[in-house]
Amino acid sequence: MQEKVLMKGNEAIAEAAILAGCRHYFGYPITPQTEVAAYMAKKMPKIGGTFLQAESEIAAINMVYGVASTGKLSMTSSSSPGISLKCEGISYLAGADLPALIVNVQRGGPGLGGIQPSQSDYFLATRGPGHGDFHVLVLAPASVQEMADLTGLAFKLARKYRMPAMLLADGTMGQMMEPVCLPDPAEAEEKAPDWAAVGTGCARVHNIINSLELSPAVLEQKNIERYERYAIAEKEEPRWEEFMMEDAEICVVSYGITARVSRNAIVEARKKGIKVGMIRPITLWPFPKAPLLKAADQVKSFLCVELNMGQMTEDVELAIRCKKPVGLCSRVGGMIPTPAEVLAKIEKANEEGG
Amino acid sequence: MTTVFDKPKSLTDAVFHYCPGCTHGIVHRLVAETIDELGIEGKTIGIAPVGCSVLAYNYFACDMIEASHGRAPAVATGVKRAMPDNIVFTYQGDGDLASIGLCETVSTAARGENVTVIFINNAIYGMTGGQMAPTSLLGQVTQTSPYGRDPKTQGYPIKICELLATLDAPAYLARVTVNNVKNVRNAKKAIKKAFQNQIEGKGFSLVEVVSSCPTNWGMTPQKALEWIDEKMLPQYPLGVYRDKGEE
Amino acid sequence: MAKLTFKEELCKGCGLCVNACPKGILALSKTKLNQKGHSPVELTQPEECIGCASCAIMCPDCVIKVER
């Protein structure tokens, strides 16, 4: 660990990516994540890396696909409307089993929406952003420290499972300044993986990076194999944080910026004698189903706090197999609930019981 | 006896899926001959498009990447930036390069990205069964221009070499065809130059190959080659539209 | 003296080589079909071949090997 520095969330992502060994960044300007690109534009030329402002989000993700095809780490960053454009490329990355990082600093939608914070791309991210059967790893930071830590983890897991990873942040997290301990630089890149397109060197049969398979039987098998890999990730990679859950009767479920708001509300509720705690998913895919299911036998109800119309409530209901009621506290369109609003919902849940 | 002509080593043994008389096969061979002659097979990375030549990745013996529709130049950009010492080429048809991927084509050319683009212009979407392409000729009957391409509603053909020649960056832009022995030889020279330029770090090189599609044009293979002379070349004149080496 | 070798099974019978031959000594077989159902090209007068490779240059399927 390096010494503590004060950084903006978006800049922490950029620096952490460089420290993780990423030397190729492709992006297109969009609020509220432009600091990632600006940071890369300054830094990459000085360390022999690539910063390229692409002609579009579509081009940027396909440049990422090109670098990923050579086995090297690459990334792009954008915000919700730009992520929609990247979905085609993300599907191709998934179909060709390529690791890469896509940062989504979410803003309100749909359409052009607004430029204020949102979590309304939860479904887009967790259901596989693009056509076809696939998933991407989805990590949801709730501090600038996690912006840095999860960027590194995203690259590591993307490589491990040969799948794209999405860092799902929001405008608040991106703009927020906090002290952060950056990780030490990763070891220099080892030699190219054996599947990479780096030239045959006239020493082997050609590698083909590809998502096309015209034989239905073979394509089916490829999908099944991919899902076997996903099953391992679902077993081994869910990450979450529990807060005051030991004796909780109400379980708040929240990620990212709303988890921070919820934490304050929970502290206030505890002062009023309400037994409430929180499970904060750090990975949204794979979703931390096990701790939620376990909590379902302990608590009377769940309360999802998020910046969308309740997208995560579906995953919570599935995780707890609808054993307990799942409420929702949400603001959308760029609005963020205050701790008082969350507290009011906790109090209401407490009155209603199970 | 010595062999004066045989299949180049940079083609695999896979059998081309192309229709009888389709000139994709000729252009594939010219690219492979070029790779052989320049001795770059081991460090070449090709990008295949979506369209009739989608399976090009099976035919070239070098490492290959299959891109999404139209995005091959963006993929090539990523590969070249990551592997600047490798030789990177895209092989794209007219729907891929001049329609859905036009933005990537123009932007990659405008950046002067040091890659080689082989562009097959046969004025039609072949793989999907013969729809109107951005390069279809005025009056040309296709599945989606059944009464002939009408400029009032369907616009005019896009001339890629002329379009890209308005940009400062490209190093080499040439239009060739492969409809007879002499023209195939000229096409080979242009393709070789486009690869040589990349080796020398000269920047973006594109060779537009005016090609035939006998199946979807509804002609015999030989008639289709004659149609190139009669109809295609007046719209798409052969020539070198940019050559920074010569300027 | 020139020698042409045909990879008959690759031939799609498109006839581009037939038209390209300056000596007019190539023809699609009238008696044979290959496994794909095409009439493959044949050399009708081998002794007339000058080994110019025009046929091979126009062949889209790398069917023809030319030796001289």
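What follows draws every value from the coordinates through simple rules; no lab data is involved. Because the structure is a prediction, the values reported are computed rather than measured. In this analysis, Cβ positions are derived from the backbone assuming ideal geometry, glycine residues included, and neighbour counts consider all displayed protein chains.
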* To do: Please give the average number of partner chain Cβ atoms lying within 10 Å of the Cβ of each residue in A:51-60, rounded to a whole number.
  => 5
* Asked: So, in Å, what gap is there between the alpha-carbon centers of segment B:132-191 and segment A:200-228?
  -> 34
* To do: Can you tell me the 0 to 90 degree angle between the C-alpha axis of helix A:256-271 and the longest principal axis of chain A, rounded to 10?
  => 20
* To do: Would you work out the relative contact order for chain B, in percent, from Cα pairs under 8 angstrom that are 6 or more residues apart?
  => 18
* **Highest-fluctuation residue, A:I30, A:I224, A:I336 considered, GNM on chain A with Cα pairs under 10 Å** => A:I224
* Asked: Can you run phi through the Karplus equation (6.51, -1.76, 1.60; θ = phi - 60°) for segment B:172-180 and list ³J(HN,Hα) in whole Hz, with x for Gly and Pro?
  -> 8, 9, 9, 10, 10, 9, 10, 8, 7
* Asked: Over what distance in Å are the Cα centres of segment B:1-37 and segment A:312-342 separated?
  -> 61
* Projected label distance in nm at A:M177 and B:K182, using a 7 Å step from Cα toward the beta-carbon -> 7.3
* D for segment A:83-131, whole µm²/s, Stokes-Einstein with Kirkwood Rh over alpha-carbon pairs at 37 °C and 0.692 mPa s: what number? -> 284
* Structure fact -> DSSP beta bridges in chain A: the antiparallel percent, rounded to 5, is 25
* Asked: Ranked by Cβ crowding within 10 angstrom, fewest neighbours first, how are B:L97, A:L98, B:L138 ordered?
  -> B:L138, A:L98, B:L97
* To do: Before anything else, pin down the relative contact order of segment C:3-67: Cα pairs under 8 Å, at least 6 apart, normalised by residue count, whole percent.
  => 44
* Given the protein assembly as shown, what whole percent of its Cα pairs are spread farther than 41 Å? -> 37
* To do: Give the residues of segment B:21-48 whose amide nitrogen is closer than 18 Å to a point set 7 Å from the Cα of C:K36 in the direction of its Cβ.
  => B:21-30
* **Bridge type composition, chain B - antiparallel percent by DSSP, nearest 5** => 25
* By average C-beta atoms within 10 angstrom, highest first, the peptides A:132-138, B:214-220, A:56-62 -> A:56-62, A:132-138, B:214-220
* Radius 11 Å from Cβ of B:T3, net charge of other residues (Lys, Arg +1; Asp, Glu -1) -> +2
* Asked: Roughly how tilted is helix A:34-43, in degrees to the nearest 10 and between 0 and 90, from the longest Cα axis of chain A?
  -> 40
* Structure fact -> Amide H proximity to B:Y91 below 5 Å, modelled H, separation 5+ or other chain, gives B:I47, B:I118
* Counting every Cα pair in segment C:3-67, what percent are over 15 Å apart? -> 41
* To do: Just tell me how shielded A:204-213 is by partners: mean number of partner chain Cβ atoms within 10 Å of each residue's Cβ, no decimals.
  => 6
* Count charges around C:K3 for me, please; just the other residues with Cβ under 13 Å from its Cβ, Lys/Arg as +1, Asp/Glu as -1. => -2
* To do: Rank these for me by crowding, B:E200, A:E341, going from fewest to most other beta carbons within 10 Å.
  => B:E200, A:E341
* Structure fact -> Kirkwood radius from Cα pairs of segment A:241-352 plugged into Stokes-Einstein at 37 °C, 0.692 mPa s, gives D in µm²/s equal to 244
* Asked: Within the set B:K9/B:K189; A:K72/A:K235; A:K72/A:K156; A:K8/A:K156; A:K300/A:K345, which residue pairs have Cα atoms separated by over 20 Å?
  -> A:K72/A:K235; A:K8/A:K156
* With a Cα-only, solvent-free Debye model of chain B, what are the log10 I(q)/I(0) values at q = 0.10, 0.11, 0.14 Å⁻¹? -> -0.42, -0.52, -0.86
* Structure fact -> Simple spin-label estimate for B:L233/A:I232, 7 Å along Cα→Cβ, in nm, reads 5.8
* Asked: Considering only the other residues whose Cβ falls under 10 Å of the Cβ of B:F119, what net charge follows from Lys and Arg at +1 and Asp and Glu at -1?
  -> -2
* To do: Measure off 7 Å from each Cα along the Cα-to-Cβ vector at B:K223 and A:R127, then give the distance between these two points in nanometres to one decimal.
  => 5.1
* Asked: In whole Å, what are the Cα extents of chain A along the three principal axes, biggest one first?
  -> 72, 49, 39
* If you count, for every residue in B:176-183, the Cβ atoms of partner chains within 10 Å of its Cβ, what is the mean? -> 3
* Structure fact -> Counting as exposed only trypsin sites (Lys or Arg not before Pro) in DSSP loop states with no more than 11 other Cβ atoms inside 10 Å, the longest exposed-site-free span of chain A is A:1-190
* Structure fact -> Bridge orientation stat for the protein assembly as shown from DSSP, antiparallel percent rounded to 5, came to 35
* Asked: So what is the relative contact order for chain A, in percent, with contacts set as C-alpha pairs under 8 Å and at least six apart?
  -> 18
